[in-house]
Amino acid sequence: MQQRSNKRTLATLVLVAFGMFGFGFAMVPLYDVFCEITGLNGKTGGRVAATEFNSEVDENRLITVQFDTAVDSGLPWDFEAEKLSMKVRPGELAEAYFTAKNQLSEPVVGHAVPSVAPSVASLYFAKTECFCFTQQTLAGNEEKEMPVRFMVSPDLPENVKVLTLSYRFYRSAGAEVAGAEDKSKDISEVSSDGTG
Amino acid sequence: MLNKALNSRLTWLVGLLAFAGTAMADYGLNMTEGVTPFSAEVYELHMIILWICVVIGIGVFGAMFYSMYAHRKSRGVEPAQFSHSTLAEVLWTVVPIAILVVMAIPATRVLIFMEQTTDAEMTVKITGYQWKWKYEYMEDGVEFISSLHPDSNAARQVGSDIDPATVENYLLDVDKPLVLPTNTKVRFLITSDDVIHAWWVPALGWKRDAIPGFINEAWTEINEPGTYRGQCAELCGKDHGFMPIVVVAKSPEEYAAWVAEQQGDAVAETEAAQREWSFDELMDRGSDVYAAQCAACHKPDGTGLPPAFPSLASSAVATGPVDAHIDLVVNGRPGTAMQAFGNLLSDVDVAAALTYTRNAFGNETGDAVQPKQIADAKRG
Amino acid sequence: MSVTATELDHHDDHDHKPSGFLDRWLFSTNHKDIGTLYLVFSLVMFLIGGSMAMIIRAELFQPGLQLVQPDFFNQMTTMHALVMIFGAVMPAFVGLANWMIPMMIGAPDMALPRMNNWSFWLLPFAFAMLLSTLFMDSGAPAAGWTLYPPLSLQGGNSFAFVIFAIHLMGISSIMGAINIIATILNMRAPGMNLLKMPLFVWTWLITAFLLIAVMPVLAGAVTMLLTDKFFATSFFNAAGGGDPVMFQHIFWFFGHPEVYIMILPAFGIVSEIIPTFARKPLFGYVSMVYATASIAFLSFIVWAHHMFTVGMPLGGELYFMYATMLIAVPTGVKVFNWVSTMWRGAMTFETPMLWALAFVILFTIGGFSGLMLAIVPADFQYHDTYFVVAHFHYVLVTGAIFAIIAGVYYWLPKWTGNMYNETWAKIHFWWSVISVNVLFFPQHFLGLAGMPRRIPDYSVQFTEFNQWSSIGGFAFGLAQVFFAIILIHACYYSKKKAAAQSWEGAKGLEWTIPSPAPHHTFSTPPKINKDQLAAGHLD
């Protein structure tokens, strides 16, 4: 009798342990969902269709969007924003340009990882077009102008007046440099969490 | 009459406590009050909670010590046999909750104050590297690297035989401090190039992690001109203890002059990169660059710490073909601690450091590496 | 130990101990022998982890680097923590559980004796693997016991050994926990209802559930580190779309309950000892049980207070601050209950009681600094400084370790049948309690004055307190070598025999069996009159 109940307890608890091991991994997508809801880590969401932007333009507010650029020390590129900052009205579709230049004479593939500060603003920041959605291949010494089309939602909390959009370019590990197809490789499908 | 005596005694006690408080500050026993509105608030909060804890502690330990004295078997007491009291148990659940609420209110207020990064007049971007900080003044276009002062770096080597007490501001001094204007709201964007660091100057009242791939925000407004020192606070590898932070707060006028000077230097630097440098000039500058950028790993005498940090003295790279050496320093060696310095330092600095390492520590290649060669190498 | 075994065999023919050394220890399924194995293992690990602390304190004795390179220093801080947490504190509690729980609930053995053997014997292999990394080319882990990426991924291939060692420790802990739950739920003597169990059993039951809930999460987190390092995944790599902060969230989801795993059984031990020496029943038994359960519950919802500086949104910071502050309530209830248990008792101060009293006072001091750390704006200053180091050493050394030492002195007569030398033990107590405060109290000041933790060298203004701390450290370390000597003396050479009820006020079931406890106890369940039983103690 006791032996049987011991076995049953054992089986149940082993299952619980395995379940919790799975939960550890389940925390990865859960965390991303959580971040998307709360803006926890300042990651911006992926591509948003232009049709979602029929919201009213808020004429009373002017938000300063600051652009910050950085290149990881492993990538021999120059990367700069054309303008340091721009003022946009919430609800208005805006466009900003960035320039990347490959310092090497051979082609290099890189990809940009965006981040928004304050992190809560990332919830109200949407991009319809961004060079960060795909990997970028620059031919030897190529210089390339890259646009970002974005909108700040009118729901942005009142106390946020300045927000910073930061891009950091990384060398894409293991990316094949040769083909031009790579350009169309959609990072948001490749990476585990759909951010881009 | 009695009241008066009690009063004077209380005043005396309060005075004594206040004295103890200042004495504590003098001896570095307590948290600094700092020089920003936020740091002063944090200090007050810290003191409030400390005193609440002290009072509770005196109560609990007092009861305990009294009991240990009065309720000893050796005094022949009979043990009581009670084992619960609903009133007491409810009381000491409810009262602590009330105390916690009292603590939470000011804490919440200060926290909300801390999070208000809006209306800043300028933005400084801080990037952590192993093991130095890069500062970029976003509006003014000034940027530079700040690393451990060479004097401290020489003294902190194992077996250096230099007494740290003889080094000014040992481990809390840098080659180039972050300069900020006083009475100006400054917003910081904090990130990292490699691992997680944390930027901390106690006098400003906060620390914030520098996380690779993400930018963090914080702000400060320094009220008093002065020099404030801090350190990296998040374990970031071997030289975590050796990446200090120095903030120099200047009046807005002095600050403006400083910025103009920096911008002038930057122009001069660009011009300098175009011209031909003499061997002696390069060696001279190279020894400074080496001390600031290279000596942390490769040691001031170039012996390194093999296998992770190879010796440069008569090394195959430092005495071998110049191009391979330039490539290594400009692009780094992935998977090792050797960073790519091409984007981190100016062409002149890289050229000078290369010239120095190829002609110091008994290496005698006689090469003078020119800034132009670096620019060419970057182009590939 | 084998000496005692043969000696005892002569005394007691009904003991049925396995006769060969290997049969007895390697293939043991007896809860008492396995408990002994755990405790001896834990003592060895305590001394190894302690020697690492001595290296740390020696290097920090004065500014400048005199003895070790910074990288080796980081290996020492990392290994010290891993060895102490997983090698010393946790196995010590499991050892005490193995010895005492069956005897406290009137069970003949643990529920799953063969699994019990396996959970122990995984540990020596796990730690052999962990410690072997010290001798590898790429060295031992040096990124702190929290293993934060990307730093932890910068190390060499020895990292794989560290991960597998942690997996083994995790499996061992989970199996130990399952065994303890099964024993408590299924093996209690008739009449021993859940709410009549001794508090040590209760705290262990809750701890065991915590272990099963969070050790697998740690296993998951380190597995992700493993694949990030060796199999090109990007869970925590920002360049690949991951997030290094996510590791911290997962880690501390394990890490905070882990902290309570190391303190709840200590609460249990102290709740056994204080009533014995106050000769008065434990005050507020039921509220003690509920407080333990609330602490366990709260431990799951406060994890991010370890990482306030990563930059969370305001709402998150406020939530984690309030939730963390709430923990003070059930913890306070426990402290008040202990003090009330002493109140109007008839106290004597034998060594176990001295350690228990020191626990109550010093753990409470650690609790106060914990409350201070919960206040987010202040934490922006305290975080990652020596203030934190002081805080968690007050709760883990003067908390967990003091309770373990108290428990060892308290139950040693039952295990060995011998009394330890009371004078030596009191010297050990006073020596430890003074030196541990010289060791850790100045660290509060160091942290407030601005000294970050995990640094091998410091600015000269921190010299004096570091020297105090180092001197205290060496003294405390030496005191524990003395402790080992006291234990060896008590096991093999002490002439003073212990009675079945070794302490005048001791009333649990374990005190109804002879000292030393025979190899098999309660083969037939004891007859307990329900009405006589309160808090697991007989009237």
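The values are calculated or read from the model by the stated rules, or taken from the named source; none is laboratory data. This one's a predicted model, so the numbers in the text were calculated from it and none came from an experiment. For neighbour counting, all protein chains shown are included, and Cβ atoms are generated from backbone atoms with ideal geometry for every residue, glycine included. Note: areas computed on protein heavy atoms with side chains; ligands, DNA, RNA excluded. Shrake-Rupley method; radii C 1.70, N 1.55, O 1.52, S 1.80 Å.
Worth a mention:
- Answer residue from the stretch C:368-396, given it is facing chain B (nearest Cβ under 9 Å) and small (Gly, Ala, Ser) and is surrounded by the most Cβ atoms within 10 Å (Cβ to Cβ) among those: C:Ala378
- If the condition is being within 14 Å of chain B (Cβ to nearest Cβ), open to solvent by 10 Å² or more (accessible area, probe 1.4 Å) and either aliphatic (A, V, I, L, M) or not in a helix (DSSP H, G or I) (or both), then the stretch C:209-241 contributes C:Ala232, C:Ser234, C:Phe235, C:Asn237, C:Ala239, C:Gly241.
- When residues in the stretch C:176-208 are screened for being open to solvent by 10 Å² or more (accessible area, probe 1.4 Å) and within 9 Å of another protein chain (Cβ to nearest Cβ), 3 of them pass.
- Residues of the stretch B:36-76 classified as in contact with a Phe, Trp or Tyr (Cβ under 7 Å, 6 or more places away or on another chain) and open to solvent by 50 Å² or more (accessible area, probe 1.4 Å), total: 1
- Check on B:Gly241, of a type outside the set (D, E, K, R) and facing another protein chain (nearest Cβ under 10 Å): yes
- Strands (runs of 3 or more DSSP E) contained in the stretch B:117-176 and holding at least 2 residues crowded, with 17+ Cβ neighbours inside 10 Å and within 14 Å of chain C (Cβ to nearest Cβ): B:122-129
- Enumeration of residues in the stretch B:354-379 that are within 14 Å of B:Ala324 (Cβ to Cβ), outside any helix (DSSP H, G or I) and open to solvent by 10 Å² or more (accessible area, probe 1.4 Å): B:Thr365, B:Asp367
- Single match in B:Gly21, B:Gly28, B:Gly76 (criterion: at pLDDT below 90 and in contact with a helix residue (DSSP H, G or I) (Cβ under 7 Å, 6 or more places away or on another chain)): B:Gly28
- Residue that is most open to solvent (accessible area, probe 1.4 Å) [pool: residues in the stretch C:122-162 that are without any contact (Cβ under 8 Å) to a residue 24 or more places away in the chain and outside any loop (DSSP other than H, G, I, E, B)]: C:Phe135
- Candidate set: the stretch C:286-317, residues that are facing another protein chain (nearest Cβ under 7 Å) and touching a residue at least 60 places away in the same chain (Cβ under 8 Å); chosen: the one farthest from C:Trp355 (Cα to Cα): C:Val310
- Among the residues examined, C:Phe320 does not qualify as facing chain B (nearest Cβ under 10 Å), of a type in the set (Phe, Trp, Tyr) and either in contact with a Phe, Trp or Tyr (Cβ under 8 Å, 6 or more places away or on another chain) or under 26 Å from B:Arg109 (Cα atoms) (or both).
- If you filter the stretch A:143-160 down to residues that are modelled with pLDDT of 85 or more, open to solvent by 50 Å² or more (accessible area, probe 1.4 Å) and more than 15 Å from the chain's Cα centre (by Cα), you find that the one that is farthest from B:Met138 (Cα to Cα) is A:Glu143.
- Members of the stretch B:70-116 found to be outside any helix (DSSP H, G or I) and of a type in the set (D, E, K, R), listed by number: B:Arg72, B:Glu78, B:Glu115
- Test: residue in the stretch B:272-280 that is modelled with pLDDT under 85, open to solvent by less than 30 Å² (accessible area, probe 1.4 Å) and assigned to a helix (DSSP H, G or I): yes
- Any hit, the stretch C:483-490, residues being in contact with a strand residue (DSSP E or B) (Cβ under 7 Å, 6 or more places away or on another chain), away from chain B (no Cβ under 14 Å) and either in a helix (DSSP H, G or I) or not acidic (Asp, Glu) (or both): yes
- Qualifying residue in the stretch B:271-292 (condition: within 32 Å of the chain's Cα centre (by Cα) and within 14 Å of another protein chain (Cβ to nearest Cβ)): no
- Residues of the stretch B:294-325 that are buried (at least 18 other Cβ atoms within 10 Å of the Cβ), within 13 Å of another protein chain (Cβ to nearest Cβ) and either in contact (Cβ under 8 Å) with a residue 40 or more places away in the chain or more than 21 Å from B:Gly237 (Cβ to Cβ) (or both): B:Ala296, B:Cys297, B:Lys299.
- Qualifying residue in the stretch A:177-186 (condition: modelled with pLDDT of 50 or more and either of a type outside the set (Phe, Trp, Tyr) or open to solvent by less than 40 Å² (accessible area, probe 1.4 Å) (or both)): no
- Within the span defined as the stretch B:210-228, every residue fails to be more than 19 Å from B:Thr123 (Cα to Cα) and in a helix (DSSP H, G or I).
- Which listed residue, of B:Lys207, B:Lys132, B:Lys185, is within 26 Å of B:Glu253 (Cα to Cα) and either in contact with a Cys (Cβ under 9 Å, 6 or more places away or on another chain) or among the charged types (D, E, K, R) (or both): B:Lys185
- Positions within the stretch B:35-72 being within 7 Å of chain C (Cβ to nearest Cβ) and either of a type in the set (Gly, Ala, Ser) or in contact with a strand residue (DSSP E or B) (Cβ under 6 Å, 6 or more places away or on another chain) (or both), in sequence order: B:Gly57, B:Ala63, B:Ser67, B:His71, B:Arg72
- Screening C:Ala500 with (1) of a type in the set (A, V, I, L, M); (2) part of a helix (DSSP H, G or I); (3) open to solvent by 10 Å² or more (accessible area, probe 1.4 Å) gives one miss only, at (2).
- The number of residues in the stretch C:415-463 that are touching an Asp or Glu at 6+ places or on another chain (Cβ under 7 Å) and buried (at least 24 other Cβ atoms within 10 Å of the Cβ) comes to 2.
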